[in-house]
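The values are calculated or read from the model by the stated rules, or taken from the named source; none is laboratory data. Just so it is clear, the structure is predicted and the values come from calculations on it, not from any experiment. Every residue, glycine as well, gets a Cβ built from its backbone with ideal geometry; the counts of neighbours run over all protein chains shown. Remember, those area values only see protein heavy atoms, side chains included, never the ligands or the DNA or RNA. Shrake-Rupley method; radii C 1.70, N 1.55, O 1.52, S 1.80 Å.
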Amino acid sequence: MITPPTPASSASAPLKLGQQFVRRLAATMTSKPGVVFVLGAPGSGKGTQCEKIVDKFGFVHLSAGDLLREERNTPGSQYGALIEGHITAGTIVPVEITCSLLEKAMLKSGADKFLIDGFPRNQNNLDGWNSAMGDKVKLLFVLFFECPQEVCTSRCLQRGAAGSGRSDDNPESLAKRFVTYINATMPIVEHYRALDLVRTVTADRPPDEVFVDVCKAFSE
Ligand SMILES: Nc1ncnc2c1ncn2[C@@H]1O[C@H](COP(=O)(O)OP(=O)(O)O)[C@@H](O)[C@H]1O
Ligand SMILES: Nc1ccn([C@H]2C[C@H](O)[C@@H](COP(=O)(O)OP(=O)(O)O)O2)c(=O)n1
Ligand SMILES: [Mg+2]
């Protein structure tokens, strides 16, 4: 319940309270959704940690790869073949497609804080996002999982052997995905590092141990 100012308050107190209320209301109405980009090599554990972050911090998790696979599997999608071609070749789908899937999913969720997993993965992703979404969201930081290639490769091969059904969890596609990761994604991580936006977590440990450091990254 809102209590009226006591007689002891100064004459301007009600106005100050009113101004504060209006400012807070305006901030709520105009505040932009917050975004955390989640990057790291294939198999570094982005998806696994995102699930834990969702449970603990209430973000909505949007995986660019999952959205692309869903679009590829949508009957009649004009992009199905193009997406599958990029996925098996380990290359990156043009940003117009990925960014529009992300924006649609953000709007549909109605949420105000998002983990965007596996994006931006190259300069085209970064430029396209900045021009379409840069003014609509606030980038909070980039969560970066550091993990040796041999560990990541073995995790992805195990994921494939365990029946992930993914057309890219095989040695040939994985080798190509790593080339893309090193040549195209790492420069994006470096770009954000230069802006002091990267929070790095060592991911070559059991998931719960990784998550301890993820929590620290979120409370920085
Ligand atoms: N810290 C970890 N230690 C061992 N295996 C892990 C770890 N994190 C994830 N995995 C397993 O490795 C595979 C890839 O993890 P995932 O979260 O899908 O990574 P990404 O999204 O980065 O490709 C999955 O099979 C997952 O169960
Ligand atoms: N921003 C993105 C993200 C994924 N993709 C495509 C190409 C990637 O190799 C596949 C799989 O991505 P995904 O993030 O699901 O893969 P990992 O979780 O890193 O194993 O999807 C893309 O083209 N653009
Ligand atoms: Mg993933």
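Summary table
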{"quantity": "Of 49, 149, 20, the one that fluctuates the most in a GNM where the chain has Cα springs shorter than 10 Å", "calculated": "20"}
{"quantity": "Per-residue [θ]222 nm for the chain (sum of -39500 (n - 2.57) over DSSP H runs n ≥ 4, rounded to 500)", "calculated": "-17000 deg cm²/dmol"}
{"quantity": "For the chain, built as a Gaussian network whose Cα springs stay under 10 Å, the top-fluctuating residue of 115, 174, 107", "calculated": "107"}
{"quantity": "For the stretch 34-41, 3J(HN,Hα) per residue [Karplus equation, 6.51 cos²θ - 1.76 cosθ + 1.60, θ = phi - 60°, Hz, x = Gly/Pro]", "calculated": "x, 10, 10, 7, 10, 10, x, 4"}
{"quantity": "Nonlocal amide H pairs with residue 63, under 5 Å, H built at 1.01 Å", "calculated": "117"}
{"quantity": "C-alpha long axis of helix 123-133 to longest principal axis of the chain, angle in °", "calculated": "30 degrees"}
{"quantity": "Most to least packed among 123-135, 55-67 [average Cβ atoms within 10 Å]", "calculated": "55-67, 123-135"}
{"quantity": "Degrees, to the nearest 10: 80-89 long Cα axis against longest axis of the chain", "calculated": "70 degrees"}
{"quantity": "Reachable aspartates and glutamates, given that their alpha-carbon falls under 14 Å from the alpha-carbon of residue 216 and they are not under 8 places away in the same chain", "calculated": "208"}
{"quantity": "Nearest-ten-degree value, helix 207-219 long axis tilted from longest Cα axis of the chain", "calculated": "40 degrees"}
{"quantity": "Residue among 92, 182, 83 with the largest mean-square fluctuation in a Gaussian network model of the chain, springs linking Cα atoms under 10 Å", "calculated": "182"}
{"quantity": "Spatially close lysines, pair count over the stretch 42-193: Cα under 21 Å, gap of eight or more or interchain", "calculated": "14"}
{"quantity": "Å² of accessible area per residue within the stretch 99-164, as computed with a 1.4 Å probe and no ligands counted", "calculated": "49 Å²"}
{"quantity": "P(r) tail fraction, the chain - alpha-carbon pairs more than 33 Å apart, %", "calculated": "24 percent"}
{"quantity": "The stretch 27-71, accessible surface, carbon-and-sulfur percent (1.4 angstrom probe)", "calculated": "52 percent"}
{"quantity": "Partners for residue 16 among lysines (Cα-Cα distance below 27 Å; same-chain residues under 8 apart left out)", "calculated": "32"}
